[in-house]
Amino acid sequence: LRLLVGLAGVLLENYQVEVRRTQSMELRRPPPGLTELGLIGESPAMQRVADLLGKLAKVDSSVLLTGETGTGKTLVAEAMHRAGPRADRPFLALNCSAIPEALLESELFGHEAGAFTGAQRLHRGKIEQAEGGTLLLDEVAELPAQAQAKLLTFLESRRYSRVGGENEFEADVRVISATNA
């Protein structure tokens, strides 16, 4: 019995050493280059973008991307998702300017059956659909003030309720927002 306990102790210690070594190697790994991120470019500016993306991909916090229309904010968000720890989980994009104001909250947070006229069944919102992954909110500056307030509450607490629902849910979703404003 002592021999088994001693062997188990050695195995546990070896496992812990291996975990620390793996974590240390992960932190020392150089950031991905442009090719690994799915981006094209050789300029020093693009290399700085790749370096910054590699660093941001490891940090699991919300990000706001700004830039003119057509500069590739969606591509940058996708690259950040692919280079991060959530790469094997969903990546969803929601264009906030393309959804009517009346449906925006339902698209983000979902709705219960009977929440409003035409809501005949439960609808899982983009936040719920992106569970464990990344949600890109494109043109986030176009959100109405009321939706911005609810989104801010979600970003602070990671909790939300579906439209017409009484239950509160918690979501593990990285939110990347993009705007040209």
Exercise for the section: Output the qualifying pairs, or none if there are none: Cβ atoms under 7 angstrom, residues six or more apart or on different chains, first residue in the range 56-76 and farther than 16 Å from Asn95 by Cβ and without any contact (Cβ under 8 Å) to a residue 40 or more places away in the chain, second residue part of a strand (DSSP E or B) and of a type outside the set (Ser, Thr, Tyr). Expected result: Leu56/Val63
Completion exercise
Filtering the range 80-92 for residues that are at pLDDT 90 or above, open to solvent by less than 70 Å² (accessible area, probe 1.4 Å) and either basic (Lys, Arg) or more than 10 Å from the chain's Cα centre (by Cα) (or both) leaves a count of 1
Practice task
Go through the residues of the range 140-155 one by one and say whether even a single one is surrounded by 20 or more Cβ atoms within 10 Å (Cβ to Cβ), under 14 Å from the mean Cα position of the chain (by Cα), more than 21 Å from Gly38 (Cα to Cα) and of a type in the set (Val, Ile, Thr).
Solution key: no
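Residues are listed down the side, and each one gets a yes or a no for (1) acidic (Asp, Glu); (2) assigned to a loop (DSSP other than H, G, I, E, B); (3) in contact with a helix residue (DSSP H, G or I) (Cβ under 9 Å, 6 or more places away or on another chain); (4) at pLDDT 90 or above:
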{"site": "Ala102", "(1), (2), (3), (4)": "no, no, no, no"}
{"site": "Arg121", "(1), (2), (3), (4)": "no, yes, no, no"}
{"site": "Ala141", "(1), (2), (3), (4)": "no, no, yes, yes"}
{"site": "Tyr160", "(1), (2), (3), (4)": "no, no, yes, no"}
{"site": "Glu166", "(1), (2), (3), (4)": "yes, yes, no, no"}
{"site": "Ile176", "(1), (2), (3), (4)": "no, no, yes, yes"}
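The values are calculated or read from the model by the stated rules, or taken from the named source; none is laboratory data. Keep in mind that what you see is a predicted model, and the values were worked out from it rather than measured. Cβ sites come from the backbone with ideal geometry, for glycine too, and all protein chains shown count toward neighbours. Accessible surface is based on the protein model in full, side chains and every heavy atom, while ligands, DNA and RNA are left aside. Shrake-Rupley method; radii C 1.70, N 1.55, O 1.52, S 1.80 Å.
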